[in-house]
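Notes follow once the structure below has been shown.
Every number in this text was worked out from the coordinates using simple rules, so none of it is lab data. A quick note: this is a predicted structure, and the numbers were derived from the prediction, not measured. Because the Cβ atoms are built from the backbone with ideal geometry, glycine has one as well, and the counts that use them run over all protein chains shown.
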Amino acid sequence: MTEQRVDTVRLQRISKAFWESAALMSAVELDVFTAIAEGHDSILTVAERVGITPLNAERLLVALTAMELVLRNGDTFANAADVGRFLVRGQASYAGPWMLFGKPRWQGWGELTAHLKKGPEQIRRLGMYDASFTVERARAYHEATYSIGMGAARRFHRQVSLEGRRKIMDLGGGSGCYCIVGAQKYPTLRGEVLDLPSVVVVTREFVAQHDLGDRLTASVCDFTADPLPRDADVAIMASNLPQYDRDIIARVVARVFEALLPGGEFHLIGECIDADGRGPLAPALWGLSEAVNDSSGLAHSTADCEGYLAAAGFQRITVNEFIPQTLTRISGVKPV
């Protein structure tokens, strides 16, 4: 048997992965996928619709075809199924802002080595959430999270019945998607989003857009230290797990347990790596991104999270896939 030849193809692909990111983000910014959905499906018509030269339209469409974001049939192009659903402007499921979420952080990732060399004295507990996280930055950030978060919230409420529950406490809830969808589904359910002062301003704007101000509130609260509401029978902490270290998460889970009403349920929805620590890649990279933010956060494993809930006193702990290869939902119930 001949030994399998080892080459550099995989390493080269990874080293140039940011080229693919740039192509996708430019296509979103230029509304290429929207143009194709509208029937501008050739190089010339795309170029005219999005305002670039035919040469650059050809360059971009050839790359998007190779990335399987668009499908080519002779001289015409069509959007792939996921692109057509999530990257055509005007769709209820449009997630363009989320696809552009990472773009402002490119420079930081380019300086990853320098970040990794920083010592403990240069690490901030909340990473990117420092004094520069103004209302304007919070609004831009959560417009991106909202574009993807409403879909995640709808998925949560399809998986989990809150029938008979009275109030959701959402820790770091940002745009308030989980409370908004919950209130839409359950006419008597109330919700309270706990977040930073600049974020709460933006949360209230999203709540007002849905005309749910009579049942949903947003309160300034550092949920790692400030008192938590004690009238909730549901607690959710979603998509902010890697921002904190293990000690902080363990304390937060314990504080949630103390605050929840007896019989209440807690759902920790996070970018978890598997118990064996081998992946998936997306949660691992979210953990690595905290080095760019100079925070103490990291990728937690599903075993870590089960341990946090068990140590706090939660029972009937379950681990459920939420978004494949990205998010896991770890749930537990406070005994009556």
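Between Asp7 and Thr318, what is the spin-label point distance in nm, taking each point 7 Å from the Cα along the Cα→C-beta axis?
Those two pseudo-labels are separated by 4.7 nm.
Okay, which of segment 102-122 sit inside 17 Å, backbone N to the point 7 Å along the Cα-Cβ direction of Asp247?
119-122
With the crude spin-label approximation of a point 7 Å out along Cα→Cβ, what separation in nm comes out for Lys103 versus Val135?
About 2.5 nm, to one decimal.
Loop only per DSSP, at most 14 neighbouring Cβ atoms within 10 Å: give me the trypsin sites (Lys or Arg not before Pro) in segment 215-277, ordered by residue number. Before the final figure, lay out the partial values.
Values: sites: Arg215, Arg230, Arg246, Arg251, Arg255; in loops: Arg215, Arg230.
Loop-located and lightly packed - Arg230.
Span-like helices, the chain: DSSP H, alpha-carbon axial extent 30 Å or more, mean Kyte-Doolittle -0.5 or greater, which ones? Present the calculation step by step, with values, prior to reporting the outcome.
Numbers: long enough: 135-159 (33 Å, -0.88).
Qualifying helices, which must be both long enough and hydrophobic enough, do not occur.
Past 28 Å, Cα to Cα, is the threshold; run Lys103/Lys185; Lys16/Lys118; Lys118/Lys334 against it and keep the listed order.
Values: Lys103/Lys185 34 Å; Lys16/Lys118 26 Å; Lys118/Lys334 40 Å.
Flagged as over cut-off: Lys103/Lys185; Lys118/Lys334.
Compute the Kirkwood hydrodynamic radius of the chain, taking the inverse of the mean of 1/r over all pairs of distinct Cα atoms, and give it in Å to one decimal. Don't skip to the end; give the middle numbers.
Numbers: mean 1/r = 0.0459 Å⁻¹.
For the chain, inverting the mean 1/r across all distinct Cα pairs yields 21.8 Å.
Which residues does a label at His157 reach in segment 71-105, if reach means a backbone N under 20 Å from a point 7 Å past the Cα toward the Cβ?
Once the point is set 7 Å along Cα→Cβ of His157, 91-95 turn out to lie under 20 Å by backbone N, inside segment 71-105.
Which of Asn73, Asn320, Asn56 moves the most in a Gaussian network model of the chain with Cα springs under 10 Å?
Highest fluctuation among the options: Asn73.
What trypsin sites (Lys or Arg not before Pro) in segment 1-72 are in a loop by DSSP, with at most 14 other Cβ atoms within 10 Å of the Cβ?
On the way: sites: Arg5, Arg10, Arg13, Lys16, Arg49, Arg59, Arg72; in loops: Arg5, Lys16.
Within segment 1-72, the qualifying trypsin sites (Lys or Arg not before Pro) (loop, at most 14 other Cβ atoms within 10 Å) are Arg5, Lys16.
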